[in-house]
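Taking it in order: structure first as structure tokens, then the write-up.
Values in this text are rule-based calculations from the coordinates and carry no lab data. Predicted model only: the values in this text are computed from it and were never measured. Ideal geometry is used to build each Cβ from the backbone, glycine not excepted, and the neighbour counts take in all protein chains shown.
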Amino acid sequence: MSGSYDILIVGIGGQGTILASNILGEACLSEGRHVKGAETHGMAQRGGSVESHIRIDGLFGPLIPPGNADLLISFDLLEALRYSYYLKKEGKMIVNRHLVLPTSVFTQNLPAPTRDEIIDVLKKYSLCLLDADTVAEEAGSPLSQNVVMLGAASQSIPLNPDSLLDAVKRLVPKKTIGINVKAFEMGREHGGSCR
């Protein structure tokens with residue numbers, strides 16, 4: 001047993017999964033916590049699947065074994081479904097209602113799953129669904145949906161929310177700090193309703 005708190009962040013290229021994992025890592029370092037991380041980018045720039053593994057206070061390698069993630073943060077419904085096998089039985093999912101169905105996945109005349117079908121499957125987990133895209137728009141920019149998701153997840157992550165917010169301020173572009181602070185706080189409020 002590693003004793004770590006394991007977080008898997010998944011999404012599609014361009015959604016900000018790497019920035020989100022960097023914010024978590026920065027917050028860990030500011031608290032003096034041991035952190036390991038790994039990312040797979042795939043065809044990230046072309047809308048491909050992206051995953052980031054973050055292990056807080058772990059003793060072993062940076063990759064989370066399947067069935068061991070404490071928390072899955074997914075920026076897309078289909079990615080939550082795709083990576084759900086990483087979540088431990090008592091783990092939690094924070095999932096954006098956003099859904100992108102890549103046509104390349106459904107090349108063998110198989111029907112694409114609907115939003116409701118995916119949500120029905122995900123309900124077997126401790127699931128927190130939110131519309132991060134809309135919340136990000138309300139915060140001032142659709143590009144802040146990754147920070148909205150981190151805000152929602154901050155209710156479950158064993159880090160001080162102030163450390164996470166400070167990391168957001170350090171890592172986002174300076175001209176977007178105000179928007180991202182608002183996005184984090186609004187996400188945190190939405191995440192609080194999922195407890």
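Provide the percentage of antiparallel DSSP beta bridges, counting only those with both residues in segment 5-192; round to the nearest 5. Kindly include the intermediate steps, with their values, before the conclusion.
Working: 14 of 28 bridges.
Percent antiparallel among DSSP bridges in segment 5-192 is about 50.
Along its principal axes, what span do the Cα atoms of segment 81-186 show, with the longest given first and each in whole Å?
Taking max minus min along each principal axis of the Cα atoms, segment 81-186 gives 46, 31, 19 Å.
Only Lys, Arg, Asp and Glu count, each charged at its Cβ (+1, +1, -1, -1), so figure out the dipole size of segment 5-192 about its Cα centre, rounded to 20 debye. Don't jump to the answer; show the numbers that get you there.
Details: 18 positive and 21 negative charges, 54 e Å.
In debye, rounded to 20, segment 5-192 gives about 260.
To check my understanding: the extent here is largest minus smallest coordinate of the Cα atoms along each principal axis. What are those three numbers for the chain, in Å, largest first?
Taking max minus min along each principal axis of the Cα atoms, the chain gives 50, 42, 32 Å.
How would D116, D76, D166 line up from fewest to most surrounding beta-carbon atoms within 10 angstrom? Let's see the in-between values first.
Numbers: D116 8, D76 23, D166 15.
Neighbour counts put them in this order, fewest first: D116, D166, D76.
Return a single number: how many Lys pairs in the chain, at a sequence separation of 8 or more or on separate chains, have alpha-carbon atoms below 21 angstrom apart.
Number of lysine pairs found: 10.
Please state the relative contact order of the chain as a whole percent: Cα pairs under 8 Å, 6+ residues apart?
Numbers: 409 pairs, mean separation 40.0, N = 195.
Computed value for the chain: 21 percent relative contact order.
Add -39500 (n - 2.57) for each DSSP H run of 4 or more in the chain, then divide by its residues: what number comes out at 222 nm, to the nearest 500 deg cm²/dmol?
Values: 7 runs with 73 residues, N = 195.
The helix contribution divided over the chain gives -11000 deg cm²/dmol.
Extension gain S126-A112, at 0.36 nm per residue separation less the Cα-Cα distance, in nm? Working shown, then result.
Numbers: separation 14, 0.36 × 14 = 5.04 nm, distance 2.42 nm.
So the extension gain works out to 2.6 nm.
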